[in-house]
Amino acid sequence: MVTMQDVAKAAGVSTMTVSNVLNHYPHVRDETRDRVLRAIDDLGYRVNVAARNLRAGRTNTIGFAVPEVDRPYFGQLASRIIARASAAGYRVVIEQTGADRENELSAIVSSRNRMYDALILSAVGLGTADRELLRVDFPMVILGETVFEGPVDHIALPNVEGTFAATRHLIARGSRRIAIVEGNDSLPPNVSSLRHGGYIRALRESGVEFDPALSIGIPELTLAGGRSAAERLVDSGTAFDGIVCITDTVALGVMRGLADRGVRVPEDVRVIGFDAIEEGEYSIPRLSTVDPDHDEVAALAVDLVLRRIAGDTEWQPREFVSSFRVVARESTA
């Protein structure tokens, strides 16, 4: 195996000069740099990246722990995080936690063992009581609805504001009997409780009466859950002319369930989702949705951990909420 010492001998320079060339230090003379590069090419020298990273205490790897890898939202977000990290010279390793508290804690504890430089964790199972467990000695950013107030940077989606805008959108289009399909989570704050709050607030401020019969809970936020909710709603005989869905995946299932019961979208019922997943652009009808700006979330998450990796000790942990916009398509026409 060709070593750095071999390159230095062939180029007639010190090993320090070879190291300076490999690390792109600017003070090396052009003539010397060219000589070292020719020696590298002639000898076929290859940098041992793993060894260099270990010596530097870096692996150029960021961990990204998500509840489920098979959900379109997390796949879409992961793709953007990978692209942002790659542009900065970092790789991303994806882990699945199953939205389980113990698995989320395990992702935090094992990040050092897996030699990540930083961790981006989409937390669902962790709560405010776990705040002190987030005091770690490596860069970490939390995504999700729980506000931990302190140890790490936290990025949340515009859950209340986005669902408020979605519900107001249906009201502006003429809907007055508006249902919501949401989760059965019992421990707020979570996606369901926050988005339910935005829905209720929009009804109240618009003078539209809330009917508890129009609040449909499902055990899992899946296509099947959405379809089942729509079928139950139709079969109940309760009048409705609009549906706010807690996610786009649920909304796509809802539209399938309505179609199975002979209910037309948007002629009979208007439907809107949340997340702006790509599949919504190709459904029939095309799904209206709340776009929480995945690009912004991904860029912010990666930039925050890179700031920590670079050793910015002045930065204090902060709370962020992404921007959003309502994307009006055929399902609410």
Along each principal axis, Cα extent of the stretch 4-47, largest first, Å: 24, 18, 15
Options V7, A118, I284, ranked by Cα towards positive dipole end of the chain, top entry (Cβ charges): V7
Share of carbon and sulfur in the accessible heavy-atom surface of the stretch 69-174 [1.4 Å probe, %]: 48 percent
Dipole magnitude of the stretch 4-47, debye to nearest 20 (Cβ charges: Lys/Arg +1, Asp/Glu -1, about Cα centre): 80 debye
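At 1.4 Å probe size, with every protein chain present, just tell me what the per residue accessible area of the chain comes to in Å².
Accessible area per residue, the chain: 49 Å².
Would you work out the relative contact order for the stretch 159-291, in percent, from Cα pairs under 8 angstrom that are 6 or more residues apart?
Relative contact order here is 26 percent.
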Net charge over other residues, Cβ less than 15 angstrom from the Cβ of S86 (K, R count +1; D, E count -1): 0
Neighbour-limited loop hits for chymotrypsin sites (Phe, Trp or Tyr not before Pro), the stretch 235-333 (at most 16 other Cβ within 10 Å; DSSP other than H, G, I, E, B): Y282, W315
Nonlocal amide H pairs with I218, under 5 Å, H built at 1.01 Å: E182, G183, N184
Per-selection Rg to Rh, the chain - Cα, Kirkwood hydrodynamic radius: 1.14
Length released on extending from F138 to S206, taking residue separation times 0.36 nm less the Cα-Cα span: 19.8 nm
Difference of contour (0.36 nm per residue) and Cα-Cα distance, T128 to S79: 14.8 nm
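Counting each DSSP H run of 4 or more residues in the chain as -39500 (n - 2.57), what helix-only mean residue ellipticity at 222 nm follows after dividing by all residues, to the nearest 500 deg cm²/dmol?
Computed ellipticity for the chain at 222 nm equals -13000 deg cm²/dmol.
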Inter-centroid distance (Cα atoms) of the stretch 134-167 relative to the stretch 3-33, Å: 47 Å
Spin-label model distance (nm) - L22 vs E281, 7 Å beyond Cα toward Cβ: 4.4 nm
Portion, in percent, of the accessible area of the stretch 4-47 that falls on carbon or sulfur, probe 1.4 Å: 49 percent
Label-to-label distance, nm, for residues given as V93 and V321 (7 Å Cα→Cβ offset): 3.5 nm
Beta bridges by DSSP in the chain, antiparallel share as percent, to the nearest 5: 10 percent
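Working out 0.36 nm times the residue gap between A333 and S215, then minus their Cα-Cα distance, what length gain in nm do you get to one decimal?
Working it through step by step, the gained length comes to 40.2 nm.
The values are calculated or read from the model by the stated rules, or taken from the named source; none is laboratory data. Here the structure is a predicted model, which means the values were calculated and not measured. As a convention, Cβ positions derive from the backbone with ideal geometry for all residues, glycine included, and neighbour counts pool all protein chains shown. All accessible areas refer to the heavy atoms of the entire protein, side chains included, with ligands and DNA or RNA removed. Shrake-Rupley method; radii C 1.70, N 1.55, O 1.52, S 1.80 Å.
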